[in-house]
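Chemist: So that we are looking at the same thing, I have put the structure below in structure tokens.
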Amino acid sequence: MTDIEIPSEQWAQVVEKSGGPVVYKKIPVKKPSPDEVLINVKYSGVCHTDLHAMMGDWPLPTKLPLVGGHEGAGVVVAKGELVKDVEIGDHAGLKWLNGSCLACSFCMQADEPLCPHALLSGYTVDGSFQQYAIAKAAHVARIPKECDLDAVAPVLCAGITVYKSLKESGARPGQHVAIVGAGGGLGSMAIQYARAMGLRVIGIDGGEEKGQSCKSLGAEVYVDFTSSADIVRDVKAATPDGLGPHAVLLLAVSEKPFQQATEYIRSRGTVVCIGLPAGAYLKAPVFDTVVRMISIKGSYVGNRQDTQEALDFFKRGMIKVPYKTVGLSELQDVYKLMQKGKIVGRYVVDTSR
Ligand code: NAD
Ligand code: ZN
Ligand code: ZN
């Protein structure tokens with residue numbers, strides 16, 4: 001099937017029990033089924049979802065033992081006999097949506113993230129924190145050869161997700177969008193995609209370092225939730241007429257901002273929930289929601305078309321987000337920083353060390 005030499009064993013970070021930590025060890029390399037490809041993952045972004053998965057934060061159980069990771073960029077080294085449109089040597093990305101049935105009513109309408117049979121990388125199937133990962137060929141991201149595999153890795157979840165959520169927000173060029181959690185991995189990407197789409201950005205996060213990063217990525221105003229005496233007032237004041245932003249992207253990993261957003265969203269505006277803090281609930285006053293005609297919705301990763309569009313923005317040089325590269329062996333240290341909210345932008349792990 002291929003001339004590329006594929007080892008029988010590889011390095012991986014494995015979650016052996018819910019709550020972690022990850023264990024760096026050698027595990028077998030699997031063979032792709034007829035409709036799958038094997039990707040030699042070079043780099044993988046570390047998403048907060050990987051930490052939620054390890055900690056068992058959500059009401060959906062993970063597989064165990066689990067190899068996390070779903071921002072894996074690499075090279076296709078083997079493929080099943082049914083795979084016709086991906087070649088050995090192609091650059092490809094392993095995404096959160098590892099596979100879907102392609103036949104249900106959601107898949108039929110390109111809402112494949114909603115597929116009841118969806119396979120989730122680094123959650124229900126093994127993901128990209130290993131050197132060789134498997135994905136359904138229909139769903140792998142086709143990464144253009146001119147994109148650096150380390151820089152593009154965070155696009156594969158963070159980029160796709162925020163690009164899709166900006167489309168879902170309905171915000172139009174020239175309008176204002178508030179990005180909550182703007183200094184984190186999704187947030188940094190969101191600022192850049194919003195700018196590329198002609199939107200004006202109000203970034204909300206905590207601390208000076210994140211503020212500087214938000215400004216340098218293109219936020220016109222930064223509101224620091226750790227020092228602002230009145231976030232609602234500050235966010236509204238950041239729009240020229242004081243009536244608040246047209247859209248809010250909620251990317252934070254705590255519940256409070258999910259309760260606050262309807263207070264500063266502009267009438268007729270849309271609040272888009274993306275972050276998934278453990279055990280959190282949404283609460284909004286019915287009166288205001290009705291008489292100010294506020295929309296509140298969720299947005300969940302993106303489909304195959306969103307993936308290729310998000311990658312195209314990147315390929316054209318419009319998305320530049322800070323990232324730090326460390327060895328795959330250092331993943332647990334990345335989780336420690338993430339837990340403390342100390343990461344500006346994204347960490348990317350290099351699977352060769
Ligand atoms: P991250 O840790 O890199 O960023 C989260 C940011 O939120 C941090 O910068 C933190 O300082 C900030 N924050 C915390 N409390 C805040 C508050 N009260 N106000 C403003 N900012 C606050 O995480 P990430 O990788 O960007 O992921 C963010 C969330 O999005 C996670 O819950 C993740 O699981 C979720 N996610 C959802 C989807 C989806 O499809 N909906 C996809 C990917 C990730
Ligand atoms: Zn993710
Ligand atoms: Zn389906």
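The values are calculated or read from the model by the stated rules, or taken from the named source; none is laboratory data. Since the model is a prediction, treat every value here as computed from it, not as a measurement. Please note: Cβ atoms are built from the backbone with ideal geometry, for glycine as well, and neighbour counts cover all protein chains shown.
Chemist: Can you confirm whether Pro32 is farther than 21 Å from Pro113 by Cα and crowded, with 20+ Cβ neighbours inside 10 Å? Lay out the reasoning, then the answer.
Modeler: On the way: farther than 21 Å from Pro113 by Cα: yes; crowded, with 20+ Cβ neighbours inside 10 Å: yes.
It is true that Pro32 is farther than 21 Å from Pro113 by Cα and crowded, with 20+ Cβ neighbours inside 10 Å.
Chemist: Would you confirm whether any residue within the range 289-297 is surrounded by 17 or more Cβ atoms within 10 Å (Cβ to Cβ) and under 20 Å from Trp96 (Cα atoms)?
Modeler: Step one: list which residues in the range 289-297 are surrounded by 17 or more Cβ atoms within 10 Å (Cβ to Cβ), which gives 294, 296.
Now drop any that are not under 20 Å from Trp96 (Cα atoms), which leaves none.
The answer is no, given that none of the residues of the range 289-297 is surrounded by 17 or more Cβ atoms within 10 Å (Cβ to Cβ) and under 20 Å from Trp96 (Cα atoms).
Chemist: Here's another thing I want to ask about it. Considering every residue within the range 262-270, establish whether at least one is under 23 Å from the mean Cα position of the chain (by Cα) and either in a strand (DSSP E or B) or modelled with pLDDT under 95 (or both). Before you say what the answer is, go through the steps one by one.
Modeler: The first filter runs over the range 262-270 and keeps only residues under 23 Å from the mean Cα position of the chain (by Cα), leaving 270.
With the extra rule that they be either in a strand (DSSP E or B) or modelled with pLDDT under 95 (or both), the set shrinks to 270.
Scanning the range 262-270, I find at least one residue that is under 23 Å from the mean Cα position of the chain (by Cα) and either in a strand (DSSP E or B) or modelled with pLDDT under 95 (or both), so the answer is yes.
Chemist: If only one of Ala78, Ala141, Ala118, Ala73 is within 16 Å of ligand 3 (Cβ to nearest atom), in the same structural domain as Pro34 (by TED's automatic domain parsing), closer than 24 Å to Pro34 by Cα and among the small types (Gly, Ala, Ser), which one is it?
Modeler: Details: Ala78 fails: within 16 Å of ligand 3 (Cβ to nearest atom); Ala141 fails: within 16 Å of ligand 3 (Cβ to nearest atom); Ala73 fails: within 16 Å of ligand 3 (Cβ to nearest atom).
Just a single option satisfies the conditions, and that option is Ala118.
This table checks each residue for (1) polar (S, T, N, Q); (2) in a strand (DSSP E or B); (3) out of contact with any strand residue (DSSP E or B) (no Cβ under 7 Å at 6 or more places or on another chain).
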| site | (1), (2), (3) |
| --- | --- |
| Gln13 | yes, yes, no |
| Tyr24 | no, yes, no |
| Tyr43 | no, yes, no |
| His70 | no, no, no |
| Gly74 | no, yes, no |
| Glu81 | no, no, yes |
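Chemist: For the range 18-71, name all the residues that are hydroxyl-bearing (Ser, Thr, Tyr) and either within 13 Å of Phe129 (Cα to Cα) or within 20 Å of the chain's Cα centre (by Cα) (or both).
Modeler: Tyr24, Tyr43, Ser44, Thr49, Thr62
Chemist: Still on this model: Looking at the range 232-261, which of its residues are assigned to a loop (DSSP other than H, G, I, E, B) and either more than 13 Å from Asp205 (Cα to Cα) or within 16 Å of ligand 3 (Cβ to nearest atom) (or both)?
Modeler: Ala238, Thr239, Pro240, Asp241, Gly242, Leu243, Gly244, Pro245, His246, Glu255, listed by residue number.
Chemist: Within the range 326-343, work out how many residues are farther than 17 Å from Phe129 by Cβ and crowded, with 20+ Cβ neighbours inside 10 Å.
Modeler: Adding up the residues that qualify gives 0.
Chemist: Further question on the same structure: Is there any pair with a first residue in the range 214-237 that is more than 15 Å from Gly183 (Cα to Cα) and a second that is part of a strand (DSSP E or B) and not basic (Lys, Arg) whose Cβ atoms are under 8 Å apart and which are 6 or more apart or on different chains, and what are they?
Modeler: Ile231/Ile204; Ile231/Val223; Asp234/Val223; Val235/Ala178; Val235/Ile202; Val235/Ile204; Val235/Val223
Chemist: Within the range 83-105, count every residue that is within 16 Å of ligand 3 (Cβ to nearest atom) and either in a loop (DSSP other than H, G, I, E, B) or surrounded by 18 or more Cβ atoms within 10 Å (Cβ to Cβ) (or both).
Modeler: Of the range 83-105, the ones within 16 Å of ligand 3 (Cβ to nearest atom) are 95-105.
If we keep only those that are either in a loop (DSSP other than H, G, I, E, B) or surrounded by 18 or more Cβ atoms within 10 Å (Cβ to Cβ) (or both) as well, we get 95-104.
Total satisfying the criteria: 10.
Chemist: Hey, another quick one. If you check Pro154 against the conditions, is it under 26 Å from Ile27 (Cβ atoms) and in contact with a Gly (Cβ under 6 Å, 6 or more places away or on another chain)? Step through it out loud before you land on a result.
Modeler: Values: under 26 Å from Ile27 (Cβ atoms): yes; in contact with a Gly (Cβ under 6 Å, 6 or more places away or on another chain): yes.
Here the answer is yes, as Pro154 does meet what is asked.
Chemist: Can you find, within the range 201-214, the residue that is surrounded by the most Cβ atoms within 10 Å (Cβ to Cβ) among those that are under 21 Å from the mean Cα position of the chain (by Cα) and more than 8 Å from ligand 1 (Cβ to nearest atom)? Show your work before the answer.
Modeler: First, pick out the residues of the range 201-214 that are under 21 Å from the mean Cα position of the chain (by Cα): 201-206, 210-211, 213-214.
From what is left, the residues that are more than 8 Å from ligand 1 (Cβ to nearest atom) are 201-203, 211, 213-214.
Values: Val201: 27, Ile202: 28, Gly203: 30, Gly211: 22, Ser213: 24, Cys214: 27.
So, considering only residues that are under 21 Å from the mean Cα position of the chain (by Cα) and more than 8 Å from ligand 1 (Cβ to nearest atom), the one surrounded by the most Cβ atoms within 10 Å (Cβ to Cβ) is Gly203.
Chemist: Please find, among Ala278, Ala229, the residue that is outside the structural domain of Lys342 (by TED's automatic domain parsing), more than 16 Å from Ile343 (Cα to Cα), outside any helix (DSSP H, G or I) and near ligand 1 (Cβ under 9 Å from one of its atoms). Give the derivation first.
Modeler: On the way: Ala229 fails: near ligand 1 (Cβ under 9 Å from one of its atoms).
The match here is Ala278.
Chemist: Assess whether Leu51 counts as being within 16 Å of ligand 1 (Cβ to nearest atom) and either in a strand (DSSP E or B) or under 18 Å from Pro154 (Cα atoms) (or both). Give the steps one after another, and end with the answer.
Modeler: Details: within 16 Å of ligand 1 (Cβ to nearest atom): yes; either in a strand (DSSP E or B) or under 18 Å from Pro154 (Cα atoms) (or both): yes.
Yes; evaluated as a whole, the condition is true for this residue.
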